[in-house]
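Heads up: the structure comes next, in C-alpha coordinates.
The values are calculated or read from the model by the stated rules, or taken from the named source; none is laboratory data. This is a predicted model, so every value here is computed, not measured. Ideal geometry is used to build each Cβ from the backbone, glycine not excepted, and the neighbour counts take in all protein chains shown. Please note that ligands, DNA and RNA were not included when accessible areas were found on the heavy atoms of the full protein model with its side chains. Shrake-Rupley method; radii C 1.70, N 1.55, O 1.52, S 1.80 Å.
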Amino acid sequence: MESLLSVRAKTMKASEIRELLKLTQRKDIISFAGGLPNPQLFPKEQMAEIAKDVIMDQGDHSLQYGTTEGYSKFREAIAERLQKNFGMDVNSHNVQITSGSQQGLDLLTKVFVNRGDPIIVGNPTYLGAANVFAAAGVKFETVQVDGEGMNPDDLEEKLRVMTHHGENPKFMYLVPTFDNPTGVTMPTNRRKKILDIAHEYDMLVVEDDPYSELRYEGDPVKSIKSMDKEGRVIYFGTISKIMTPGLRLAWTVASEPIIEKFTYAKQNSDLCTSALNQRIAFEFMDRGYLEPHIQKIIDMYKRKRTLFLKGMDEHFPEEVKYTRPDGGLFSWAICPPEVDTTEMFKYAIRAKVAYVTGKPFHVDGSGNNTLRLNFSMPSDEQIESGLETLGQVLRDALAHSIKDTEEGDFMMAP
Ligand SMILES: Cc1ncc(COP(=O)(O)O)c(C=O)c1O
(Lines give C-alpha, C1' and ligand atoms only; values in the text may rest on other atoms or scores of the structure.)
Protein backbone atom coordinates (compact mmCIF):
# COMPACT_ATOMS: atom_id res chain seq x y z
CA MET A 1 0.00 0.00 0.00
CA GLU A 2 2.84 2.36 0.94
CA SER A 3 4.03 2.66 -2.66
CA LEU A 4 0.54 3.70 -3.74
CA LEU A 5 0.32 6.64 -1.36
CA SER A 6 0.54 10.20 -2.65
CA VAL A 7 3.54 12.33 -1.73
CA ARG A 8 1.12 14.39 0.39
CA ALA A 9 -0.13 11.36 2.33
CA LYS A 10 3.41 10.13 2.89
CA THR A 11 4.31 13.37 4.64
CA MET A 12 1.21 13.28 6.88
CA LYS A 13 1.68 11.95 10.36
CA ALA A 14 -0.32 11.72 13.55
CA SER A 15 -0.23 15.07 15.29
CA GLU A 16 2.16 14.76 18.23
CA ILE A 17 -0.27 16.77 20.28
CA ARG A 18 -3.17 14.44 19.57
CA GLU A 19 -1.04 11.55 20.78
CA LEU A 20 -0.17 13.42 23.97
CA LEU A 21 -3.77 14.46 24.52
CA LYS A 22 -4.84 10.82 24.62
CA LEU A 23 -2.73 10.42 27.74
CA THR A 24 -4.15 13.53 29.34
CA GLN A 25 -7.75 12.38 29.14
CA ARG A 26 -7.38 10.19 32.18
CA LYS A 27 -9.83 11.32 34.86
CA ASP A 28 -7.15 11.55 37.56
CA ILE A 29 -4.99 13.97 35.56
CA ILE A 30 -5.33 17.74 35.74
CA SER A 31 -4.91 18.83 32.17
CA PHE A 32 -3.64 22.18 30.97
CA ALA A 33 -3.00 20.49 27.65
CA GLY A 34 -6.17 21.00 25.63
CA GLY A 35 -7.20 24.06 23.71
CA LEU A 36 -10.93 23.56 23.86
CA PRO A 37 -13.70 25.95 24.86
CA ASN A 38 -15.29 25.07 28.19
CA PRO A 39 -18.45 22.98 27.49
CA GLN A 40 -20.14 24.39 30.61
CA LEU A 41 -20.70 27.49 28.49
CA PHE A 42 -22.27 25.82 25.48
CA PRO A 43 -25.66 27.50 24.87
CA LYS A 44 -27.58 24.22 24.76
CA GLU A 45 -31.10 25.52 25.41
CA GLN A 46 -30.82 28.34 22.89
CA MET A 47 -29.31 26.00 20.29
CA ALA A 48 -32.07 23.41 20.83
CA GLU A 49 -34.77 26.06 20.46
CA ILE A 50 -33.19 27.46 17.30
CA ALA A 51 -32.43 24.06 15.75
CA LYS A 52 -36.08 23.05 16.07
CA ASP A 53 -37.27 26.28 14.47
CA VAL A 54 -34.73 26.13 11.67
CA ILE A 55 -35.66 22.55 10.80
CA MET A 56 -39.43 22.96 11.12
CA ASP A 57 -39.78 26.44 9.60
CA GLN A 58 -36.92 26.51 7.08
CA GLY A 59 -36.47 22.78 6.43
CA ASP A 60 -36.72 23.03 2.66
CA HIS A 61 -33.54 25.12 2.71
CA SER A 62 -31.79 24.14 5.92
CA LEU A 63 -31.82 20.43 4.99
CA GLN A 64 -30.82 21.12 1.39
CA TYR A 65 -27.45 21.76 -0.29
CA GLY A 66 -26.42 25.42 -0.11
CA THR A 67 -24.23 27.73 -2.18
CA THR A 68 -20.48 27.25 -1.99
CA GLU A 69 -19.85 30.82 -0.82
CA GLY A 70 -22.22 30.32 2.11
CA TYR A 71 -25.75 31.26 3.24
CA SER A 72 -26.28 34.84 2.05
CA LYS A 73 -27.87 36.15 5.26
CA PHE A 74 -25.09 34.66 7.36
CA ARG A 75 -22.41 36.17 5.09
CA GLU A 76 -24.14 39.55 5.35
CA ALA A 77 -24.38 39.32 9.13
CA ILE A 78 -20.70 38.42 9.39
CA ALA A 79 -19.66 41.24 7.04
CA GLU A 80 -21.75 43.71 9.04
CA ARG A 81 -20.17 42.56 12.29
CA LEU A 82 -16.68 42.85 10.80
CA GLN A 83 -17.47 46.41 9.72
CA LYS A 84 -19.02 47.42 13.03
CA ASN A 85 -16.82 45.67 15.57
CA PHE A 86 -13.56 45.27 13.63
CA GLY A 87 -13.51 48.41 11.45
CA MET A 88 -13.05 46.36 8.27
CA ASP A 89 -14.07 47.87 4.95
CA VAL A 90 -15.72 44.69 3.63
CA ASN A 91 -19.07 43.45 2.33
CA SER A 92 -20.63 40.01 2.01
CA HIS A 93 -18.83 39.37 -1.31
CA ASN A 94 -15.55 39.46 0.60
CA VAL A 95 -16.76 36.67 2.89
CA GLN A 96 -16.70 32.94 2.27
CA ILE A 97 -18.16 30.57 4.86
CA THR A 98 -16.08 27.46 5.50
CA SER A 99 -16.31 24.31 7.61
CA GLY A 100 -14.06 25.75 10.34
CA SER A 101 -11.10 28.01 9.68
CA GLN A 102 -9.08 24.82 9.48
CA GLN A 103 -10.74 24.36 6.09
CA GLY A 104 -9.86 27.96 5.21
CA LEU A 105 -6.21 27.12 5.86
CA ASP A 106 -6.47 24.07 3.63
CA LEU A 107 -8.11 26.06 0.81
CA LEU A 108 -5.36 28.68 1.18
CA THR A 109 -2.77 26.06 0.28
CA LYS A 110 -4.87 24.80 -2.64
CA VAL A 111 -5.18 28.31 -4.05
CA PHE A 112 -1.66 29.60 -3.43
CA VAL A 113 0.87 26.85 -2.77
CA ASN A 114 2.88 24.76 -5.21
CA ARG A 115 5.15 22.12 -3.72
CA GLY A 116 8.43 23.74 -2.67
CA ASP A 117 7.01 27.27 -2.40
CA PRO A 118 8.57 29.21 0.47
CA ILE A 119 6.24 30.66 3.11
CA ILE A 120 6.87 32.43 6.40
CA VAL A 121 5.65 31.42 9.85
CA GLY A 122 6.58 32.44 13.37
CA ASN A 123 8.75 30.23 15.53
CA PRO A 124 6.60 28.99 17.27
CA THR A 125 3.40 28.95 15.20
CA TYR A 126 -0.07 27.36 15.32
CA LEU A 127 0.42 23.65 14.83
CA GLY A 128 -2.83 23.08 12.89
CA ALA A 129 -1.68 25.58 10.26
CA ALA A 130 1.86 24.24 10.16
CA ASN A 131 0.54 20.72 9.50
CA VAL A 132 -1.63 21.91 6.59
CA PHE A 133 1.26 23.86 5.09
CA ALA A 134 3.64 20.92 5.51
CA ALA A 135 1.21 18.57 3.75
CA ALA A 136 1.09 21.02 0.83
CA GLY A 137 4.87 20.71 0.58
CA VAL A 138 5.86 24.27 1.50
CA LYS A 139 9.40 25.28 2.33
CA PHE A 140 9.21 26.91 5.75
CA GLU A 141 11.14 29.98 6.74
CA THR A 142 10.76 30.90 10.40
CA VAL A 143 10.79 34.31 12.04
CA GLN A 144 11.55 34.97 15.70
CA VAL A 145 8.57 35.55 17.98
CA ASP A 146 8.93 37.70 21.11
CA GLY A 147 6.55 39.23 23.68
CA GLU A 148 4.94 41.27 20.88
CA GLY A 149 4.59 38.51 18.29
CA MET A 150 6.54 38.13 15.06
CA ASN A 151 9.67 40.30 15.11
CA PRO A 152 9.64 42.63 12.07
CA ASP A 153 13.42 43.18 12.09
CA ASP A 154 14.02 39.46 11.86
CA LEU A 155 11.28 39.20 9.21
CA GLU A 156 13.00 41.85 7.08
CA GLU A 157 16.37 40.20 7.48
CA LYS A 158 14.97 36.78 6.46
CA LEU A 159 13.19 38.30 3.45
CA ARG A 160 16.34 40.15 2.38
CA VAL A 161 18.32 36.91 2.39
CA MET A 162 15.54 34.92 0.72
CA THR A 163 15.04 37.34 -2.13
CA HIS A 164 18.80 37.53 -2.57
CA HIS A 165 18.63 33.77 -3.24
CA GLY A 166 15.72 34.19 -5.64
CA GLU A 167 13.10 32.95 -3.16
CA ASN A 168 9.89 34.99 -3.04
CA PRO A 169 7.53 33.80 -0.31
CA LYS A 170 3.87 34.05 -1.22
CA PHE A 171 2.57 34.71 2.26
CA MET A 172 3.34 34.97 5.93
CA TYR A 173 1.00 33.34 8.42
CA LEU A 174 0.36 34.77 11.86
CA VAL A 175 -2.09 34.85 14.79
CA PRO A 176 -1.51 38.45 15.89
CA THR A 177 -4.04 38.56 18.75
CA PHE A 178 -3.80 36.19 21.74
CA ASP A 179 -1.64 33.89 19.71
CA ASN A 180 -1.87 30.12 19.75
CA PRO A 181 0.49 28.95 21.25
CA THR A 182 2.13 31.98 22.95
CA GLY A 183 -0.89 34.05 24.05
CA VAL A 184 0.87 37.29 23.05
CA THR A 185 -0.66 40.18 21.08
CA MET A 186 1.10 42.22 18.45
CA PRO A 187 0.82 45.99 19.05
CA THR A 188 -0.52 48.33 16.37
CA ASN A 189 2.83 49.80 15.28
CA ARG A 190 4.20 46.32 14.66
CA ARG A 191 1.09 45.36 12.65
CA LYS A 192 1.61 48.40 10.45
CA LYS A 193 5.25 47.50 9.98
CA ILE A 194 4.37 43.92 9.03
CA LEU A 195 1.91 45.23 6.43
CA ASP A 196 4.53 47.65 5.06
CA ILE A 197 7.03 44.82 4.75
CA ALA A 198 4.44 42.66 2.96
CA HIS A 199 3.89 45.54 0.54
CA GLU A 200 7.61 45.98 -0.03
CA TYR A 201 8.11 42.28 -0.82
CA ASP A 202 4.76 41.94 -2.60
CA MET A 203 3.46 39.09 -0.50
CA LEU A 204 0.19 38.24 1.25
CA VAL A 205 -0.45 38.39 4.99
CA VAL A 206 -2.59 35.59 6.41
CA GLU A 207 -4.19 36.84 9.63
CA ASP A 208 -5.75 34.02 11.65
CA ASP A 209 -7.97 35.49 14.35
CA PRO A 210 -10.01 33.01 16.43
CA TYR A 211 -9.39 34.73 19.78
CA SER A 212 -9.50 38.53 19.55
CA GLU A 213 -13.06 38.79 20.92
CA LEU A 214 -12.01 37.01 24.09
CA ARG A 215 -10.29 40.01 25.68
CA TYR A 216 -10.09 40.15 29.49
CA GLU A 217 -7.94 43.24 29.90
CA GLY A 218 -6.62 46.23 27.97
CA ASP A 219 -7.87 47.97 24.84
CA PRO A 220 -8.66 46.17 21.58
CA VAL A 221 -5.98 46.32 18.89
CA LYS A 222 -7.01 46.89 15.29
CA SER A 223 -6.82 43.82 13.06
CA ILE A 224 -4.24 43.86 10.27
CA LYS A 225 -7.10 43.31 7.81
CA SER A 226 -8.69 46.60 8.90
CA MET A 227 -5.47 48.42 7.88
CA ASP A 228 -5.33 46.70 4.51
CA LYS A 229 -5.91 49.05 1.58
CA GLU A 230 -4.54 46.74 -1.13
CA GLY A 231 -6.41 43.46 -0.65
CA ARG A 232 -3.15 42.01 0.64
CA VAL A 233 -4.54 40.41 3.81
CA ILE A 234 -6.48 37.16 3.98
CA TYR A 235 -8.33 37.03 7.28
CA PHE A 236 -9.77 33.99 9.06
CA GLY A 237 -12.46 34.27 11.74
CA THR A 238 -14.49 31.51 13.38
CA ILE A 239 -17.44 30.87 15.67
CA SER A 240 -15.51 28.09 17.42
CA LYS A 241 -14.41 30.10 20.44
CA ILE A 242 -17.28 32.60 20.65
CA MET A 243 -20.29 30.33 20.02
CA THR A 244 -19.50 26.60 19.71
CA PRO A 245 -16.94 24.63 17.68
CA GLY A 246 -19.33 21.75 17.05
CA LEU A 247 -21.17 23.63 14.29
CA ARG A 248 -17.85 23.88 12.36
CA LEU A 249 -18.37 27.35 10.93
CA ALA A 250 -15.84 30.00 10.02
CA TRP A 251 -15.23 32.77 7.51
CA THR A 252 -12.46 33.68 5.14
CA VAL A 253 -12.32 37.40 4.36
CA ALA A 254 -10.42 38.59 1.31
CA SER A 255 -10.66 40.56 -1.93
CA GLU A 256 -13.33 39.31 -4.32
CA PRO A 257 -10.90 37.71 -6.83
CA ILE A 258 -9.34 35.70 -3.99
CA ILE A 259 -12.75 34.67 -2.62
CA GLU A 260 -13.68 33.50 -6.12
CA LYS A 261 -10.64 31.19 -6.25
CA PHE A 262 -11.34 29.93 -2.74
CA THR A 263 -14.90 29.15 -3.88
CA TYR A 264 -13.65 26.97 -6.76
CA ALA A 265 -11.31 25.19 -4.36
CA LYS A 266 -14.10 24.63 -1.84
CA GLN A 267 -16.39 23.24 -4.53
CA ASN A 268 -13.87 20.44 -5.04
CA SER A 269 -13.54 19.94 -1.34
CA ASP A 270 -17.09 19.70 0.06
CA LEU A 271 -19.47 21.60 -2.31
CA CYS A 272 -20.79 23.73 0.56
CA THR A 273 -20.74 24.23 4.30
CA SER A 274 -23.69 22.74 6.23
CA ALA A 275 -26.79 24.81 5.38
CA LEU A 276 -28.42 23.72 8.63
CA ASN A 277 -25.53 24.87 10.79
CA GLN A 278 -25.21 28.21 9.02
CA ARG A 279 -28.89 28.93 9.55
CA ILE A 280 -28.61 27.98 13.24
CA ALA A 281 -25.62 30.30 13.70
CA PHE A 282 -27.35 33.09 11.81
CA GLU A 283 -30.45 32.81 14.02
CA PHE A 284 -28.24 32.81 17.11
CA MET A 285 -26.88 36.16 16.00
CA ASP A 286 -30.20 37.50 14.69
CA ARG A 287 -32.04 36.74 17.96
CA GLY A 288 -29.44 38.77 19.83
CA TYR A 289 -27.91 35.80 21.66
CA LEU A 290 -24.30 36.16 20.53
CA GLU A 291 -23.10 39.31 22.30
CA PRO A 292 -24.38 38.29 25.79
CA HIS A 293 -22.95 34.82 25.18
CA ILE A 294 -19.50 36.22 24.43
CA GLN A 295 -19.71 38.27 27.62
CA LYS A 296 -20.45 35.10 29.61
CA ILE A 297 -17.39 33.42 28.10
CA ILE A 298 -15.25 36.45 28.89
CA ASP A 299 -16.45 36.51 32.51
CA MET A 300 -15.54 32.86 33.07
CA TYR A 301 -12.20 32.84 31.24
CA LYS A 302 -11.14 36.13 32.76
CA ARG A 303 -11.55 34.64 36.24
CA LYS A 304 -9.63 31.53 35.18
CA ARG A 305 -6.84 33.55 33.59
CA THR A 306 -6.44 35.65 36.74
CA LEU A 307 -6.26 32.51 38.87
CA PHE A 308 -3.81 30.99 36.41
CA LEU A 309 -1.45 33.97 36.49
CA LYS A 310 -1.64 34.04 40.29
CA GLY A 311 -0.84 30.31 40.43
CA MET A 312 2.13 30.61 38.09
CA ASP A 313 3.44 33.63 40.03
CA GLU A 314 3.17 31.68 43.27
CA HIS A 315 4.45 28.29 42.22
CA PHE A 316 6.71 28.52 39.16
CA PRO A 317 10.45 28.80 39.76
CA GLU A 318 11.82 32.18 38.74
CA GLU A 319 14.01 30.66 36.00
CA VAL A 320 10.82 29.77 34.09
CA LYS A 321 9.45 32.73 32.09
CA TYR A 322 5.83 32.82 30.99
CA THR A 323 3.49 35.09 29.06
CA ARG A 324 0.65 37.09 30.68
CA PRO A 325 -2.06 37.04 28.02
CA ASP A 326 -4.75 39.73 28.02
CA GLY A 327 -7.15 37.30 26.35
CA GLY A 328 -7.52 34.00 24.51
CA LEU A 329 -6.94 30.56 25.97
CA PHE A 330 -3.22 30.09 26.45
CA SER A 331 -0.11 31.01 28.33
CA TRP A 332 3.32 29.94 27.10
CA ALA A 333 6.27 29.08 29.30
CA ILE A 334 9.94 29.05 28.43
CA CYS A 335 12.32 27.10 30.66
CA PRO A 336 16.11 27.35 30.68
CA PRO A 337 17.61 25.40 27.75
CA GLU A 338 18.67 22.42 29.87
CA VAL A 339 15.04 21.54 30.63
CA ASP A 340 13.62 19.07 28.13
CA THR A 341 9.84 19.46 28.33
CA THR A 342 9.23 16.32 26.25
CA GLU A 343 11.08 14.23 28.85
CA MET A 344 9.51 16.20 31.67
CA PHE A 345 6.04 15.36 30.29
CA LYS A 346 6.25 11.74 31.44
CA TYR A 347 7.21 12.95 34.87
CA ALA A 348 4.33 15.45 34.91
CA ILE A 349 1.88 12.68 34.00
CA ARG A 350 3.18 10.67 36.95
CA ALA A 351 2.51 13.70 39.11
CA LYS A 352 -0.98 13.83 37.51
CA VAL A 353 -0.67 17.10 35.67
CA ALA A 354 -0.42 17.66 31.90
CA TYR A 355 0.63 20.37 29.47
CA VAL A 356 1.43 20.46 25.76
CA THR A 357 5.11 20.29 24.87
CA GLY A 358 6.27 23.29 22.88
CA LYS A 359 8.49 21.56 20.33
CA PRO A 360 5.75 20.58 17.80
CA PHE A 361 4.89 24.28 17.41
CA HIS A 362 8.39 24.96 16.07
CA VAL A 363 8.71 23.89 12.44
CA ASP A 364 12.52 24.11 12.71
CA GLY A 365 12.57 21.43 15.42
CA SER A 366 13.67 23.78 18.24
CA GLY A 367 11.66 24.77 21.33
CA ASN A 368 12.25 21.67 23.41
CA ASN A 369 12.39 23.83 26.54
CA THR A 370 8.91 25.32 26.01
CA LEU A 371 5.36 24.37 26.95
CA ARG A 372 1.82 25.60 26.26
CA LEU A 373 -0.72 25.91 29.04
CA ASN A 374 -4.50 26.18 28.59
CA PHE A 375 -6.66 27.85 31.22
CA SER A 376 -10.17 27.64 29.70
CA MET A 377 -10.88 23.97 30.48
CA PRO A 378 -9.66 23.18 34.00
CA SER A 379 -11.87 24.02 37.00
CA ASP A 380 -10.76 26.78 39.37
CA GLU A 381 -9.67 24.16 41.94
CA GLN A 382 -7.74 22.24 39.28
CA ILE A 383 -5.93 25.42 38.28
CA GLU A 384 -4.87 26.03 41.86
CA SER A 385 -3.69 22.52 42.71
CA GLY A 386 -2.43 21.66 39.20
CA LEU A 387 -0.14 24.67 39.09
CA GLU A 388 1.26 23.84 42.49
CA THR A 389 2.11 20.37 41.19
CA LEU A 390 3.50 21.67 37.91
CA GLY A 391 5.62 24.19 39.82
CA GLN A 392 7.16 21.28 41.72
CA VAL A 393 7.70 19.33 38.49
CA LEU A 394 9.51 22.34 36.99
CA ARG A 395 11.61 22.81 40.11
CA ASP A 396 12.61 19.14 40.00
CA ALA A 397 13.44 19.36 36.31
CA LEU A 398 15.60 22.41 36.96
CA ALA A 399 17.39 20.64 39.76
CA HIS A 400 18.03 17.73 37.34
CA SER A 401 16.30 15.55 39.86
CA ILE A 402 14.24 13.64 37.28
CA LYS A 403 16.16 10.43 37.01
CA ASP A 404 15.87 7.40 34.80
CA THR A 405 15.18 4.20 36.69
CA GLU A 406 16.90 1.02 35.59
CA GLU A 407 13.89 0.16 33.42
CA GLY A 408 14.35 3.44 31.63
CA ASP A 409 11.21 4.75 33.25
CA PHE A 410 10.85 7.89 35.33
CA MET A 411 10.49 7.99 39.08
CA MET A 412 9.37 10.78 41.32
CA ALA A 413 12.22 12.84 42.68
CA PRO A 414 12.56 12.60 46.44
C1 LIG B 1 -4.95 29.79 15.57
C2 LIG B 1 -6.05 28.86 15.21
N3 LIG B 1 -6.48 28.81 13.94
C4 LIG B 1 -7.48 27.99 13.57
C5 LIG B 1 -8.08 27.15 14.46
C6 LIG B 1 -9.17 26.22 13.98
O7 LIG B 1 -10.40 26.80 14.18
P8 LIG B 1 -11.75 26.15 13.62
O9 LIG B 1 -12.41 25.49 14.78
O10 LIG B 1 -12.54 27.32 13.10
O11 LIG B 1 -11.39 25.20 12.53
C12 LIG B 1 -7.67 27.15 15.79
C13 LIG B 1 -8.29 26.23 16.75
O14 LIG B 1 -7.93 26.09 17.86
C15 LIG B 1 -6.62 28.03 16.17
O16 LIG B 1 -6.17 28.06 17.42
Quiz prompt | the stretch 64-289, accessible area per residue, ligands and nucleic acids excluded (1.4 Å, Å²) | solution = 39 Å²
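For n ≥ 4 DSSP H runs only, could you compute -39500 (n - 2.57) per run for the chain, divide by its residues and tell me the 222 nm figure to the nearest 500? Let's see the in-between values first.
On the way: 13 runs with 177 residues, N = 414.
Value at 222 nm, helices only, nearest 500: -13500 deg cm²/dmol.
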Quiz item: When DSSP beta bridges are limited to those with both residues in the chain, what percentage is antiparallel, rounded to the nearest 5?
Solution: 55 percent
Self-check item: Cα-based helix-to-principal-axis angle, 256-270 vs the chain, degrees rounded to 10
Solution: 70 degrees
Quiz item: Could you give the angle, 0 to 90 degrees to the nearest 10, between helix 44-62's Cα long axis and the longest principal axis of the Cα atoms of the chain?
Solution: 30 degrees
Practice problem: Would you kindly state how much longer the chain becomes between L36 and T67 on full extension, computed as 0.36 nm times their sequence separation minus their alpha carbon distance, in nm to one decimal? | Solution: 8.2 nm
Quiz prompt | Label-point gap, in nm, between K346 and A399 - each point 7 angstrom along Cα→Cβ | solution = 2.1 nm
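How large a share of the accessible area of the chain, in percent, is made up of carbon and sulfur atoms when the probe is 1.4 Å and the other protein chains stay in place?
Details: 9520 of 18900 Å².
Here it works out to 50 percent.
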Exercise. Counting other Cβ atoms within 10 Å, keep those with at most 10, restrict to DSSP loop, and tell me which chymotrypsin sites (Phe, Trp or Tyr not before Pro) in the stretch 46-114 are left.
Key: Y65
Quiz item: Over the chain, what relative contact order in percent results from Cα pairs under 8 Å that are six or more residues apart?
Solution: 23 percent
Self-check item: Spin-label pair K84/T163, simplified geometry with 7 Å Cα→Cβ offset, distance in nm
Solution: 4.1 nm
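Hey, which of these cross-link pairs are over 27 Å Cα-Cα: K84/K296; K229/K261; K302/K352; K13/K296; K44/K73? Let's see the in-between values first.
Details: K84/K296 21 Å; K229/K261 20 Å; K302/K352 25 Å; K13/K296 37 Å; K44/K73 23 Å.
From the list (K84/K296; K229/K261; K302/K352; K13/K296; K44/K73), the Cα-Cα distance tops 27 Å for K13/K296.
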Quiz item: Out of M300, N131, V95, whose Cα points farthest toward the positive end of the dipole of the chain (charges: +1 Lys, Arg; -1 Asp, Glu; placed on Cβ)?
Solution: V95
Exercise. Take every Cα pair under 8 Å in the stretch 103-190 that's 6+ residues apart, average their separations, divide by the length, and report that relative contact order as a whole percent.
Key: 33 percent
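Of the trypsin sites (Lys or Arg not before Pro) in the stretch 229-287, which ones lie in a loop per DSSP and count no more than 11 other C-beta atoms within 10 Å? Mind dumping the intermediate values first?
Values: sites: K229, R232, K241, R248, K261, K266, R279, R287; in loops: K229, R232, K241, R248, R287.
Loop-located and lightly packed - K229.
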Quiz item: How far is the Cα center of the stretch 251-275 from the Cα center of the stretch 90-142, in Å?
Solution: 14 Å
Quiz item: Taking the Cα centre of the chain as origin and charging only Cβ (+1 Lys, Arg; -1 Asp, Glu), how large is the dipole, in debye to the nearest 20?
Solution: 660 debye
